[in-house]
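The values are calculated or read from the model by the stated rules, or taken from the named source; none is laboratory data. From a predicted model like this one, the values you see are computed outputs, not experimental measurements. Every residue, glycine as well, gets a Cβ built from its backbone with ideal geometry; the counts of neighbours run over all protein chains shown.
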Amino acid sequence: MSLLPILPPFLSDKTSSSVLWCYTGGGHYFNELFDQLIRINHESIPVCFVFSDAGALVANRYGFFWKLAHSNIKKEYLHFFLGETVAKYNIEKILCDAEFSYSIISKDPTFSISEVLAKSQVSCILACPLTANTAAKLVLGIADSIISNLLSSGLKSQKTVAILPTDAFFQQIETALPIRQIQLASSAQINTEICKFNALKENPINQIQFIPQFCVGCQLCVKKYPAVFSYGDMIKIKIREVDYQNIQKLKSELTVFQSPSEVFPFVQQFYR
């Protein structure tokens with residue numbers, strides 16, 4: 001059986017081209033990037049998302065798939081590629097129930113799907129957000145994951161590549177946390193049935209445990225029990241100098257966005 005999923009029409013149609021959007025496991029700029037996607041979609045620009053496993057789980061916990069399923073969006077211009085391991089954590093269920101187009105990527109040590117996607121009918125390749133880990137791999141020429149391999153293949157194929165690093169400046173950044181449990185609670189205090197995605201479980205000693213990989217970011221638990229669950233708490237993170245220097249090195253090879261607001265104008269230029 002072939003490891004390669006069937007490509008959506010706009011990736012194989014030579015009369016059109018799409019945006020290939022890589023999503024790694026960073027939560028920084030989540031809301032801003034979601035808004036950029038909505039703007040791109042409303043312009044009827046085809047976008048194919050390729051998620052790393054960490055990227056899919058982080059995006060899901062911030063509410064990416066849930067928000068899309070409940071947004072006024074042109075579904076025919078979206079397609080999602082995600083690994084079979086993480087798809088079971090409610091992501092495939094949301095995509096299927098909302099009738100989105102998606103492909104499940106089988107485990108493949110050669111990352112052959114990366115080569116196919118990088119050489120398909122794409123106008124540009126985005127990596128937004130790009131974690132410091134994947135940025136370091138690009139600098140060192142390491143291509144040992146679907147995203148690092150895809151970006152490397154895209155650069156070798158002379159595709160236009162742009163990134164929004166989570167660690168772009170040698171300073172502190174302030175970022176919002178996804179849904180999390182901030183206080184212990186018993187089963188007498190919390191009704192686990194409020195979560196339809198099995199992210200709330202009762203343990204043997206009658207305490208409620210939050211299971212983050214099953215969370216879809218719907219925020220129902222936060223609204224019902226704000227003393228126990230929280231969303232959007234801000235934290236400050238100091239950027240390491242080595243991560244800053246890696247981004248500087250990448251500027252000679254690709255476009256580095258300074259802000260999420262640059263994404264839409266950058267994409268739009270290919271479709272005027």
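Residues are listed down the side, and each one gets a yes or a no for (1) buried (at least 18 other Cβ atoms within 10 Å of the Cβ); (2) in a loop (DSSP other than H, G, I, E, B):
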{"position": "LEU150", "(1), (2)": "yes, no"}
{"position": "ALA168", "(1), (2)": "yes, yes"}
{"position": "ILE190", "(1), (2)": "yes, yes"}
{"position": "ASN198", "(1), (2)": "no, yes"}
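Here is a check on your reading of the model: is ILE113 of a type outside the set (S, T, N, Q), in contact (Cβ under 8 Å) with a residue 12 or more places away in the chain and closer than 27 Å to ARG240 by Cα? In short, no. Are there helices (runs of 4 or more DSSP H) fully within the stretch 215-272 with at least 1 residues that are in the same structural domain as LEU33 (by TED's automatic domain parsing)? List them. Helices (runs of 4 or more DSSP H) meeting the threshold: 241-250, 263-268. Of the residues SER157, SER103, SER120, SER114, the single one that is modelled with pLDDT under 95, loosely packed, with under 15 Cβ neighbours inside 10 Å, polar (S, T, N, Q) and closer than 27 Å to TYR271 by Cβ is SER157.
Against the test of being surrounded by 18 or more Cβ atoms within 10 Å (Cβ to Cβ) and closer than 25 Å to PRO46 by Cα, the options PRO265, PRO260 yield a single qualifying residue, PRO260. Screening PRO178 on (1) of a type outside the set (A, V, I, L, M, F, W, C); (2) over 29 Å from SER18 (Cβ atoms); (3) assigned to a loop (DSSP other than H, G, I, E, B) shows it passes everything except condition (2).
Checking the structure you have, find out if any residue of the stretch 123-135 is over 25 Å from THR175 (Cα atoms), of a type outside the set (Phe, Trp, Tyr) and loosely packed, with under 15 Cβ neighbours inside 10 Å. So far as the stretch 123-135 goes, no, none of its residues is over 25 Å from THR175 (Cα atoms), of a type outside the set (Phe, Trp, Tyr) and loosely packed, with under 15 Cβ neighbours inside 10 Å. Checking each residue in the stretch 239-272 for being over 19 Å from the mean Cα position of the chain (by Cα) and under 19 Å from GLY25 (Cβ atoms) picks out ILE239, ARG240, VAL242, ASP243, ASN246, ILE247, LEU250. From the list PRO212, PRO204, the lone residue that is more than 27 Å from SER148 (Cβ to Cβ) and either modelled with pLDDT of 95 or more or loosely packed, with under 13 Cβ neighbours inside 10 Å (or both) is PRO204.
Count of the stretch 30-68 residues, restricted to those that are more than 20 Å from ILE211 (Cβ to Cβ), in a helix (DSSP H, G or I) and β-branched (Val, Ile, Thr), is 2. For the stretch 234-252, a residue qualifies if it is acidic (Asp, Glu) and either under 15 Å from ALA162 (Cα atoms) or in contact with a Gly (Cβ under 9 Å, 6 or more places away or on another chain) (or both), but none of them does. Among the conditions (1) in a loop (DSSP other than H, G, I, E, B); (2) in contact with a strand residue (DSSP E or B) (Cβ under 9 Å, 6 or more places away or on another chain); (3) within 22 Å of VAL216 (Cβ to Cβ); (4) at pLDDT 95 or above, the only one that SER71 does not satisfy is (2).
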